[in-house]
Amino acid sequence: DVVEKVPKPDAPKPEAKHETGFGPRGNAQRQKNQRRQRDQEKDKWVPLTKLGRLVQDRKITTMNEIFLHSLKIREFQIVDFFYPDKQNSAPGQRLNLSSLDTSGGYLHETVMKICPVQKQTVAGQRTRFKAFALIGNCMGQVGIGVKCAKEVAGAIRGAIIAAKLNIAPIRRGYWGNRIGDAHTIPMKLSGSCGSVRVRLIPAPRGSGIIGSPITKKVLFFAGVHDCFSGASGATKTSGNFMMATFYALKKSHSFLTPDLWESEKLELSPFDMNSEFLATK
């Protein structure tokens with residue numbers, strides 16, 4: 001007897017899946033996943049300084065605690081931690097000074113100037129872009145940053161980061177009687193940068209800011225509503241002009257007026273209060 005062998009039917013071949021393989025779709029999907037993972041890692045803040053660790057663990061709850069102990073801010077994420085939200089404008093409209101929230105809950109930022117700068121090299125001229133950024137919460141905190149980069153977007157991004165690292169507290173005061181909220185600077189102030197010298201003088205309530213557009217914007221972001229100002233030197237150099245105004249405002253905490261002569265008990269530094277936490281983590 002001859003037994004015929006019946007051939008077995010071919011097993012169905014598995015369908016090729018290129019979502020995660022080496023095909024064209026798999027390569028694109030893999031790159032997309034890698035980009036998403038990099039973005040998530042970039043958004044996740046891992047503090048590198050003691051101050052950053054205390055802020056992330058909510059051992060420090062306000063920016064005023066940092067300014068009180070004169071702690072240096074070396075990570076811009078510290079400022080973003082206290083001001084996570086941004087004021088949004090109405091659809092089809094841009095935010096101007098009159099529409100900004102002055103309650104201190106938002107950190108406003110604006111680009112003051114962008115200019116090309118050149119450097120002569122052996123191969124020729126190298127052109128880069130220099131950006132000046134201004135930030136402030138309109139309630140006594142303001143900062144200015146400067147950055148050069150090959151592209152405009154990189155210069156703006158770096159200037160905003162530099163401004164957050166240079167943020168400083170501004171002391172405000174009264175022109176006459178202490179009625180209502182502080183509206184002007186507490187005393188005459190002056191600052192210089194390059195050949196530009198700026199002088200700020202307290203003004204009565206309702207006077208407004210008497211000065212150039214640059215002075216008005218810097219003082220408004222600092223929370224000063226009434227002030228007289230004067231300037232001398234090459235004020236056409238906008239960068240030096242705004243830096244001179246910023247240096248003048250920073251001096252508001254350098255003078256002790258009679259109401260601050262009383263000695264108060266000093267608080268321990270956050271580093272000393274949380275020494276065990278910093279040592280264990």
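The values are calculated or read from the model by the stated rules, or taken from the named source; none is laboratory data. This is a predicted model, so every value here is computed, not measured. Cβ: placed from backbone, ideal geometry, glycine included. Neighbour counts: every protein chain shown.
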- Message: Of all residues being surrounded by fewer than 12 Cβ atoms within 10 Å (Cβ to Cβ) and over 16 Å from the mean Cα position of the chain (by Cα) in the range 65-88, which is modelled with the lowest pLDDT? Just the residue, please.
- Response: 88
- Message: Within the range 180-253, considering only strands (runs of 3 or more DSSP E) that don't extend past its boundaries, which have at least 1 residues that are β-branched (Val, Ile, Thr) and at pLDDT 95 or above?
- Response: 196-202
- Message: Looking at residue 109 and the list (1) surrounded by fewer than 16 Cβ atoms within 10 Å (Cβ to Cβ); (2) closer than 30 Å to residue 61 by Cβ; (3) of a type in the set (Asp, Glu), which single condition is not satisfied?
- Response: (1)
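Do we find that residue 50 is among the basic types (Lys, Arg), surrounded by 16 or more Cβ atoms within 10 Å (Cβ to Cβ) and at pLDDT 90 or above in this structure?
In short, yes.
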- Task: Looking only at the range 200-207, decide whether some residue is buried (at least 20 other Cβ atoms within 10 Å of the Cβ), out of contact with any Phe, Trp or Tyr (no Cβ under 6 Å at 6 or more places or on another chain) and without any contact (Cβ under 8 Å) to a residue 40 or more places away in the chain.
- Result: no
- Item | Members of the range 169-178 found to be more than 23 Å from residue 212 (Cβ to Cβ), touching a residue at least 12 places away in the same chain (Cβ under 8 Å), part of a loop (DSSP other than H, G, I, E, B) and not aromatic (Phe, Trp, Tyr), listed by number | 176
- Residue within the range 148-165 that is crowded, with 18+ Cβ neighbours inside 10 Å, assigned to a loop (DSSP other than H, G, I, E, B) and not basic (Lys, Arg) present: no
